[in-house]
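The values are calculated or read from the model by the stated rules, or taken from the named source; none is laboratory data. None of the values given here were measured: they were computed from a predicted structure. Positions of Cβ are generated from backbone atoms using ideal geometry, with glycine treated the same way; all protein chains shown enter the neighbour counts. These area figures cover heavy atoms from the full protein model, side chains too; ligands, DNA and RNA do not enter into them. Shrake-Rupley method; radii C 1.70, N 1.55, O 1.52, S 1.80 Å.
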Amino acid sequence: APLQEAPMPPQLQAAPMPPPDQGEELKVELKAELRADLQQAEAELRQLTEAAAEASKSACKDLEEAIAAQRLALERQTDSWDEKMEKALFPLQLLGDELSEIQLQLSERLQNIEDEAKQRQSDLEARSQEV
């Protein structure tokens with residue numbers, strides 16, 4: 001099937017050619033309208049850019065605040081864990097101190113027993129030589 005040309009929309013259809021001096025006026029008017037449209041588009045773009053920048057700043061500030069709040073919560077939780085560990089370790093430290101004291105006492109007793117055994121051995125040897 002051969003391609004059929006679609007009718008051109010009215011705004012694209014050729015307008016009758018204006019007289020030469022009127023054509024120049026139309027060019028000037030069109031340029032002025034285009035400049036005005038361009039300036040309006042640039043102004044809208046600036047407004048949108050500024051709004052986007054403000055939204056971005058606001059989002060960054062919100063994110064920074066959320067990060068700071070999270071960091072503070074983690075620090076508090078860490079402090080809480082540290083306190084719990086200290087509380088849990090304190091009795092163990094006391095027990096370790098007590099065990100060290102008992103070990104020291106046992107070492108002293110063992111030394112005393114060894115000294116006493118040596119003394120008895122010496123006494124027995126001295127008696128056996130007397131006899």
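List of remarks:
- Phi to ³J(HN,Hα) by Karplus 6.51 cos²θ - 1.76 cosθ + 1.60 over the stretch 66-74, Hz, x for Gly, Pro: 5, 5, 5, 5, 5, 4, 4, 4, 5
- Whole-percent carbon and sulfur share, accessible surface of the stretch 43-121, 1.4 Å: 58 percent
- The length gained on full extension between Gln47 and Ala126, counted as 0.36 nm times the residue separation minus their Cα-Cα distance, comes to 17.0 nm.
- Neighbours of Leu110 by Cβ distance under 14 Å: Lys/Arg scored +1, Asp/Glu scored -1, total -2.
- Measuring r between the beta carbons of Phe90 and Gln119 and using R0 = 41 Å, the FRET efficiency lands at 0.40.
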